[in-house]
Amino acid sequence: MTMALSFYSLQPNQTVAANTITVVTTDGNVSEVQGLQPGAVVAADSFNRLSDALKVAIRPAAGEAKLASHDK
C-alpha cells in the first residue's frame, strides 16, 4: 500500500517549496520513500504557518543548541 504525503523543503534561496513524497514501504521504524532527495532539509513543525515561496530562518534542534552553547 503506497501513501502520498505533503511536505515543505528548504530551497537554496532560504524559501520553502511544497512537495509530495510517496511512502513505498515501511516497517514501523524505517520507511522507503520516493520524491525526496538525500540530504534535503524539510520542515519538522509549524506546517500551518508555511506556504510556497515563504522565506524562512533555520533554527537548530533543541539538542544541537545545547551542544553549541556548551562548546563555547
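Over the stretch 1-48, what percent of the accessible surface lies on carbon and sulfur atoms, probe 1.4 Å? Present the calculation step by step, with values, prior to reporting the outcome.
On the way: 1900 of 3560 Å².
Using a 1.4 Å probe with all protein chains present, the stretch 1-48 comes out at 53 percent carbon and sulfur.
Pairs of alpha-carbon atoms within less than 8 angstrom and 6+ residues apart define the contacts here; what relative contact order does the chain have, in percent?
Working: 91 pairs, mean separation 21.9, N = 72.
With pairs under 8 Å counted, the relative contact order is 30 percent.
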Nearest-0.05 FRET efficiency for ALA62 and THR2, computed from C-beta distance (R0 30 Å): 0.35
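Would you mind getting the accessible area per residue of the stretch 2-55, heavy atoms of the protein chains only, 1.4 Å probe, in Å²? All intermediate terms of the calculation are to be shown ahead of the outcome.
On the way: 4000 Å² over 54 residues.
Value for the stretch 2-55: 74 Å² per residue.
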Segments 14-26, 32-44 sorted - mean Cβ within 10 Å per residue, highest first: 14-26, 32-44
At q = 0.18, 0.27 Å⁻¹, base-10 log of I(q)/I(0) for the chain (Debye sum, equal scatterers on each alpha carbon): -0.85, -1.19
Structure-based [θ]222 nm, the chain - -39500 (n - 2.57) summed over DSSP H runs of at least 4, per residue, nearest 500: -3500 deg cm²/dmol
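The values are calculated or read from the model by the stated rules, or taken from the named source; none is laboratory data. Keep in mind it's a predicted model, so treat the numbers as computed, not measured. Neighbour counts are summed over all protein chains in view; Cβ atoms, including those assigned to glycine, are modelled from backbone coordinates with ideal geometry. Please note that ligands, DNA and RNA were not included when accessible areas were found on the heavy atoms of the full protein model with its side chains. Shrake-Rupley method; radii C 1.70, N 1.55, O 1.52, S 1.80 Å.
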